[in-house]
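Chemist: Got a structure for you, questions after.
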Amino acid sequence: MLDFAGDLMTRGREVAVARSHGVDENMVRAHRHDYFEIYFLEAGTRYHGTDQELYRIEQSELIIFPPGVEHFSYGDAGVPFRRVVVYFRPEAVLYAHVLEAVAGQVCVVRPGGESLRAVENVVEELLTAQDVLGDGAQDEMRLLVTQLLVKLMRAERRDARLARRAGRIADVIYHLHDHYAEPIDLTTLAERFFSSPFYLSREFKKHTGSTIIGYVNGLRIGRAERLLQETARPVSRISAEVGFANVSHFNRVFRARTGMSPSQFRGREKARERA
């Protein structure tokens, strides 16, 4: 799924918003950004994970991620969903006490009744302002995102965390996030979680929309992207650090997932920093 709002943020916006819908479209590769994210689920059920917790989000609920928190999301196979994401930088919030209320940790909010209608109205105003005014909408969108946060502060916060051992697939996901840089053998993995390779593969694909190897490669490439951006380490060293047995395989997987070589990706990111 294309991240239209994220693209706007890379272009210098302080607030950006986007609505999308789909089936089996999952962000299984953990990612992070230097701005807040409000994920408003308008229809369906989604799972959001960090390195510490897994959250189940239902229709009309919102989850808020502070800057720098690595997270991923997926849904049950074949289940349609519709969501709106609102991205905003800390400086876009007009009142310090409002920013402090959401700055601490991931939280799930479940507005109801009039509170839900008020949240929906502000979200629609954000979408309309961006669509009609474009770059000229930022002042209005700063005001609107502050209003949205105030309304969320008044709504019910829900503990949507799933137990770390709530299910085999959640357990496997956390294991892969902890050990993606190590060799992953399907038979050994299945034995660890008291399953057969066939059953584990089938259930993993059902829950995440991805194969186990595809998921692991996504984690590895996500980490490689960060190392390419944030360090000057050689590509060969990064390849080994994220779990690839040889740099040729790393290059093939990286290009397949990003459309460019690791060196091209690093060059593009440096050019963006200079722009």
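Chemist: Any idea which of Glu114, Glu124, Glu120, Glu140 is modelled with pLDDT under 90, over 30 Å from Asn217 (Cβ atoms) and charged (D, E, K, R)? Steps first, answer last, please.
Modeler: Details: Glu124 fails: modelled with pLDDT under 90; Glu120 fails: modelled with pLDDT under 90; Glu140 fails: modelled with pLDDT under 90.
Criteria check complete, one pass: Glu114.
Chemist: What are the pairs with Cβ atoms under 6 angstrom where one residue, in segment 106-135, is assigned by TED's automatic domain parsing to the domain that holds Phe40 and the other, located anywhere, is modelled with pLDDT of 90 or more and among the polar types (S, T, N, Q)? Sequence gap at least six, or different chains.
Modeler: Here the result reads Leu116/Ser60; Val122/Gln147, each pair linking segment 106-135 to a residue that is modelled with pLDDT of 90 or more and among the polar types (S, T, N, Q).
Chemist: Checking the conditions here, which among Lys270, Lys206 is charged (D, E, K, R) and in contact (Cβ under 8 Å) with a residue 60 or more places away in the chain? Even if it seems obvious, please write down each step before you answer.
Modeler: On the way: Lys270 fails: in contact (Cβ under 8 Å) with a residue 60 or more places away in the chain.
Just one listed residue meets the conditions, Lys206.
Chemist: Based on this model, can you work out whether Ala96 counts as over 18 Å from the mean Cα position of the chain (by Cα) and of a type in the set (Gly, Ala, Ser)?
Modeler: Against the criterion (over 18 Å from the mean Cα position of the chain (by Cα) and of a type in the set (Gly, Ala, Ser)), Ala96 qualifies.
Chemist: Filter segment 242-251 for residues that are loosely packed, with under 13 Cβ neighbours inside 10 Å and not polar (S, T, N, Q) and give the result.
Modeler: Those that are loosely packed, with under 13 Cβ neighbours inside 10 Å and not polar (S, T, N, Q): Ala245, His249.
Chemist: Right, another one. Which of the residues that make up segment 67-81 are in contact with a strand residue (DSSP E or B) (Cβ under 6 Å, 6 or more places away or on another chain), part of a loop (DSSP other than H, G, I, E, B) and either in contact (Cβ under 8 Å) with a residue 60 or more places away in the chain or surrounded by 21 or more Cβ atoms within 10 Å (Cβ to Cβ) (or both)?
Modeler: Listed by number, the list holds a single entry, Gly75.
Chemist: Tell me, please, whether a residue that is more than 29 Å from Glu58 (Cα to Cα), surrounded by 15 or more Cβ atoms within 10 Å (Cβ to Cβ), among the small types (Gly, Ala, Ser) and at pLDDT 90 or above can be found in segment 197-204.
Modeler: no
Chemist: For the condition within 27 Å of Thr128 (Cα to Cα) and surrounded by fewer than 19 Cβ atoms within 10 Å (Cβ to Cβ), what is the one hit in Glu91, Glu53?
Modeler: Glu91
Chemist: Out of everything in segment 223-241 that is under 18 Å from His31 (Cβ atoms) and buried (at least 21 other Cβ atoms within 10 Å of the Cβ), what residue ends up being modelled with the highest pLDDT?
Modeler: Ile238
Chemist: Check Ile38 against each of (1) β-branched (Val, Ile, Thr); (2) surrounded by fewer than 18 Cβ atoms within 10 Å (Cβ to Cβ); (3) at pLDDT 95 or above and name the one condition it does not meet.
Modeler: (2)
Chemist: Additional query: Give the residues of segment 30-57 that are among the acidic types (Asp, Glu) and without any contact (Cβ under 8 Å) to a residue 60 or more places away in the chain, sorted by residue number.
Modeler: Answer for segment 30-57, where residues must be among the acidic types (Asp, Glu) and without any contact (Cβ under 8 Å) to a residue 60 or more places away in the chain: Asp34, Glu37, Glu42.
Chemist: From the list Ile184, Ile213, which one is in a loop (DSSP other than H, G, I, E, B) and of a type outside the set (Ser, Thr, Tyr)?
Modeler: Values: Ile213 fails: in a loop (DSSP other than H, G, I, E, B).
The match here is Ile184.
Chemist: Considering only residues that are part of a loop (DSSP other than H, G, I, E, B) and either touching a Cys at 6+ places or on another chain (Cβ under 6 Å) or among the hydroxyl-bearing types (Ser, Thr, Tyr) (or both), which ones fall in segment 82-104? First the steps, then the outcome.
Modeler: First pass over segment 82-104, keeping only residues part of a loop (DSSP other than H, G, I, E, B): 89, 93-95, 103-104.
The answer is Tyr95, and nothing else.
Chemist: What do you reckon, is Ile221 β-branched (Val, Ile, Thr) and in contact (Cβ under 8 Å) with a residue 40 or more places away in the chain?
Modeler: On the way: β-branched (Val, Ile, Thr): yes; in contact (Cβ under 8 Å) with a residue 40 or more places away in the chain: yes.
It is true that Ile221 is β-branched (Val, Ile, Thr) and in contact (Cβ under 8 Å) with a residue 40 or more places away in the chain.
The values are calculated or read from the model by the stated rules, or taken from the named source; none is laboratory data. Please read all numbers here as calculations on a predicted model, not as lab measurements. So basically every Cβ, Gly included, is an ideal-geometry build from the backbone, and we count neighbours across all protein chains shown.
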